[in-house]
Amino acid sequence: MPRTCLVALQDVGDDKVTTLEGLGTVRNPHPLQKSFIEERAAQCGYCSNGMIMAAKALLDRNPNPGDEEIKNALEDQLCRCGVHNRVVRAVRRAASVLAK
Ligand code: FES
């Protein structure tokens, strides 16, 4: 998945673009958004958008990833607050919810 900061709008063409705001709502959050809240996987929140959207792309192609697959999928998402372990737990929790 290319980073949105590296993709020019004209290169998107007719492809569908989903943003974090498009995943869920405050009243009905996507399981990833809910899991990030429940696992307290955001401190300052700076990285959360990229983490959640990268996790969404991972779960779309692999609904039951292992910890190493989660870490590999998120390795380009830099978190200066050090919540990586919580993020991995949040992705696992979301995968579990989505599998039901
Ligand atoms: S939660 Fe602060 S950079 Fe990740």
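The values are calculated or read from the model by the stated rules, or taken from the named source; none is laboratory data. A quick note: this is a predicted structure, and the numbers were derived from the prediction, not measured. All Cβ positions, glycine included, derive from the backbone under ideal geometry; neighbour counts span all protein chains shown. When the accessible area is computed, the model is the full protein with side chains, heavy atoms only, and any ligands, DNA or RNA have been set aside. Shrake-Rupley method; radii C 1.70, N 1.55, O 1.52, S 1.80 Å.
Computed over Cα pairs, the Kirkwood radius of the chain leads via Stokes-Einstein (0.692 mPa s, 37 °C) to a diffusion coefficient of 236 µm² per second. Surface composition of the chain: carbon plus sulfur atoms contribute 49% of the solvent-accessible area (1.4 Å probe, protein chains only, all chains present). With contacts defined as alpha carbon pairs under 8 Å and 6 or more residues apart, what's the relative contact order of the chain in percent? RCO, the chain: 35 percent. Using the average count of surrounding beta-carbon atoms within 10 Å as a protection proxy, the listed peptides 36-49, 62-75 rank, highest first, as 36-49, 62-75. Of the Cα atoms belonging to segment 25-71, the radius of gyration and Dmax stand at 11.0, 32 Å. Here the Debye sum runs over all C-alpha atoms of segment 58-100 as equal scatterers in vacuum, and log10 of I(q)/I(0) at q = 0.28 Å⁻¹ comes out as -1.03.
Charging the Cβ of each Asp and Glu at -1 and of each Lys and Arg at +1, and nothing else, the dipole of the chain about its Cα centre rounds to 500 debye. Under 20 Å of direct C-alpha separation, and excluding same-chain neighbours fewer than eight residues apart, Lys100 reaches these aspartates and glutamates: Glu38, Glu39, Asp60, Asp67. Straight Cα distances below 17 angstrom link Lys16 to the lysines Lys56, with same-chain residues fewer than 8 positions distant left out.
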